[in-house]
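The values are calculated or read from the model by the stated rules, or taken from the named source; none is laboratory data. Please read all numbers here as calculations on a predicted model, not as lab measurements. Cβ placement follows ideal geometry from the backbone for every residue including glycine, while neighbour counts extend to all protein chains displayed. For the accessible areas, the whole protein counts, side chains as well, though only heavy atoms, and no ligand, DNA or RNA atoms are used. Shrake-Rupley method; radii C 1.70, N 1.55, O 1.52, S 1.80 Å.
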Amino acid sequence: MKRDVNRSSGGSAPAYVVGLDAGGTRTRAVLAPADGGDPEGEGVSGPGNALTVPGAQLVEHLVEALAQAVPEELRGHVVAVAGGFAGASRTAPDEPGRVKAYAALTVALSRLGIGTGTVEIHGDIEVAFAAASGCPADGLALVAGTGAVAGRIDGRACTETVAGDGWLLGDDGGGFWIGREAVRVALRMADGRGAPTALGASVGRASGVPEDVLPPDAPGPYDVESWTRARREAYRMHLLPAAMDRPPVRLADLAPLAAEAARHRDPVAEGILATAADHLTDTVRALGPRSGERIVATGALLGPDGPLTDLLTARLRPLGLTLDWVRDGCRGAVALARLSVEGAEAATPGSANTPPRPGT
């Protein structure tokens, strides 16, 4: 989706591009020179999933992130914007997530007075993959943050997708899934169906359950004389409404509790993380990966200190795959925006013989 190319209002003034990474938890914007170099501005705001965030709220989040990233004096010098949105796809021009993301982004840009020649909408998988070293064009991408999705990238476009169906229908192994499992095992512990776990106390405390009805902090058999059936019933009656009185996707906020409990060798929490890693492995395997094929990963669950990094690495090794982790998709979005500037200049008669080189 493009508008008329307009290098900048200042003629000889430096031209800039903006890259956006809008996911289930946050929206991040980066301003960078069009001809390469390090970012010169950054902004962060709330969730940017094109399918689950209401349109008006999506606009506000985009406005907030862009306003932080792009100073007023540079807003007339932005020549291209590339946005990677969770819930968006380039499979068709009228794909609902793509249409919604484009509409929200153009409103946000107009509101801030950011004039740009090119506005491109990509999926979050595409910008994450492009963020890897060298801005690769082909391979596999895996996103494991609030949600979980994998895709095959051909020519910098996602041609196959596995999972990523949202908190209600999919995203198995993502942060929401882990947070929901943490609440479920706490409830099972309380009603007698599940094993004792430190998550009973940590989930309850994080959800505002009164201290006098919380279970013991440590895993292991609890004293039925102290955590009586009456106290367990009270615990459940506080935890259930607390878990439901928030947007469902916010259960992802509880995922770090499972990671912390697993670090302290809580068997139930370890089981949750192991199953999450199994789900992500199945997601990647469904793409039919080839041994040695590049797989770029992003998301808090798979970072250098991510709770699933070692587990997933071990599971992918027999498939001949090694994770190449990137912080987020902003770097890739910037690279794709620079490529769109190259394409626009190449198509314009009289453009410079040496177009800007995509930066990193």
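Scanning the stretch 319-338 for residues that are free of Cβ contacts under 8 Å to residues at least 40 places away in the same chain and farther than 25 Å from residue 178 by Cα gives a single hit, 320.
Within the stretch 282-305, the set of residues being closer than 22 Å to residue 21 by Cα and without any contact (Cβ under 8 Å) to a residue 12 or more places away in the chain comprises 305 only.
Going by the structure shown, is residue 292 more than 26 Å from residue 196 (Cα to Cα), open to solvent by less than 20 Å² (accessible area, probe 1.4 Å) and not polar (S, T, N, Q)? Against the criterion (more than 26 Å from residue 196 (Cα to Cα), open to solvent by less than 20 Å² (accessible area, probe 1.4 Å) and not polar (S, T, N, Q)), residue 292 does not qualify.
In the stretch 267-289, what residues are open to solvent by 20 Å² or more (accessible area, probe 1.4 Å) and either of a type outside the set (A, V, I, L, M) or closer than 15 Å to residue 255 by Cα (or both)? I'd like the intermediate steps shown before the answer.
Quick first cut of the stretch 267-289, residues open to solvent by 20 Å² or more (accessible area, probe 1.4 Å) only: 267-268, 270-271, 274-275, 278-279, 282, 285-286, 288-289.
Within the stretch 267-289, 267, 268, 270, 271, 274, 275, 278, 279, 282, 285, 288, 289 meet the criteria.
Cβ-Cβ contacts under 9 Å between residues 6 or more apart (or on different chains), taken from a first residue in the stretch 18-32 that is closer than 20 Å to residue 74 by Cα to a second residue that is among the aromatic types (Phe, Trp, Tyr) and crowded, with 24+ Cβ neighbours inside 10 Å, are listed as 20/85; 31/16; 32/16.
Test residue 234 against the criterion of being open to solvent by less than 50 Å² (accessible area, probe 1.4 Å), closer than 20 Å to residue 144 by Cβ, touching a Pro at 6+ places or on another chain (Cβ under 9 Å) and modelled with pLDDT of 95 or more, and give yes or no.
Numbers: open to solvent by less than 50 Å² (accessible area, probe 1.4 Å): yes; closer than 20 Å to residue 144 by Cβ: no; touching a Pro at 6+ places or on another chain (Cβ under 9 Å): yes; modelled with pLDDT of 95 or more: yes.
Considered against the rule, which asks whether it is open to solvent by less than 50 Å² (accessible area, probe 1.4 Å), closer than 20 Å to residue 144 by Cβ, touching a Pro at 6+ places or on another chain (Cβ under 9 Å) and modelled with pLDDT of 95 or more, residue 234 comes out as no.
Looking at the stretch 329-360 only, could you name the residues that are within 30 Å of residue 291 (Cα to Cα), open to solvent by less than 20 Å² (accessible area, probe 1.4 Å) and either modelled with pLDDT of 85 or more or part of a helix (DSSP H, G or I) (or both)?
Taking the stretch 329-360 first, the residues within 30 Å of residue 291 (Cα to Cα) are 329-336, 339, 358-360.
Imposing the further condition that a residue be open to solvent by less than 20 Å² (accessible area, probe 1.4 Å) reduces the set to 329-330, 332-336, 359.
329, 330, 332, 333, 334, 335, 336, listed by residue number.
Kindly indicate whether any position in the stretch 183-200 is in a loop (DSSP other than H, G, I, E, B), open to solvent by 10 Å² or more (accessible area, probe 1.4 Å) and either in contact with a Ser or Thr (Cβ under 8 Å, 6 or more places away or on another chain) or over 23 Å from residue 263 (Cα atoms) (or both). Looking for residues that are in a loop (DSSP other than H, G, I, E, B), open to solvent by 10 Å² or more (accessible area, probe 1.4 Å) and either in contact with a Ser or Thr (Cβ under 8 Å, 6 or more places away or on another chain) or over 23 Å from residue 263 (Cα atoms) (or both), one finds at least one in the stretch 183-200, hence yes.
Does residue 172 qualify as being within 15 Å of residue 285 (Cβ to Cβ), of a type outside the set (A, V, I, L, M) and either touching a helix residue (DSSP H, G or I) at 6+ places or on another chain (Cβ under 7 Å) or open to solvent by 30 Å² or more (accessible area, probe 1.4 Å) (or both)? First the steps, then the outcome.
Working: within 15 Å of residue 285 (Cβ to Cβ): yes; of a type outside the set (A, V, I, L, M): yes; either touching a helix residue (DSSP H, G or I) at 6+ places or on another chain (Cβ under 7 Å) or open to solvent by 30 Å² or more (accessible area, probe 1.4 Å) (or both): yes.
For residue 172, the condition - within 15 Å of residue 285 (Cβ to Cβ), of a type outside the set (A, V, I, L, M) and either touching a helix residue (DSSP H, G or I) at 6+ places or on another chain (Cβ under 7 Å) or open to solvent by 30 Å² or more (accessible area, probe 1.4 Å) (or both) - is met.
If you go through the stretch 160-177 and pick out every residue that is in a strand (DSSP E or B) and under 13 Å from the mean Cα position of the chain (by Cα), you end up with 0. Within the stretch 297-309, can one find any residue that is over 18 Å from residue 176 (Cβ atoms), open to solvent by 60 Å² or more (accessible area, probe 1.4 Å) and small (Gly, Ala, Ser)? No; the residues of the stretch 297-309 include none that is over 18 Å from residue 176 (Cβ atoms), open to solvent by 60 Å² or more (accessible area, probe 1.4 Å) and small (Gly, Ala, Ser).
Out of the residues in the stretch 41-62 that are open to solvent by less than 20 Å² (accessible area, probe 1.4 Å) and of a type outside the set (Val, Ile, Thr), which is nearest to residue 152 (Cα to Cα)?
50
Taking residue 53 as the residue in question, decide whether it is assigned to a loop (DSSP other than H, G, I, E, B) and touching a Pro at 6+ places or on another chain (Cβ under 9 Å). I'd like the intermediate steps shown before the answer.
Numbers: assigned to a loop (DSSP other than H, G, I, E, B): yes; touching a Pro at 6+ places or on another chain (Cβ under 9 Å): yes.
For residue 53, the condition - assigned to a loop (DSSP other than H, G, I, E, B) and touching a Pro at 6+ places or on another chain (Cβ under 9 Å) - is met.
Report, by residue number, each residue of the stretch 159-185 that is among the hydrophobic types (A, V, I, L, M, F, W, C), over 17 Å from residue 245 (Cα atoms) and at pLDDT 95 or above.
Step one: of the stretch 159-185, the residues among the hydrophobic types (A, V, I, L, M, F, W, C) are 162-163, 167-169, 176-178, 182-183, 185.
After this cut, where a residue has to be over 17 Å from residue 245 (Cα atoms) as well, the list is 162-163, 169, 177-178, 185.
Passing the criteria: 177, 178, 185.
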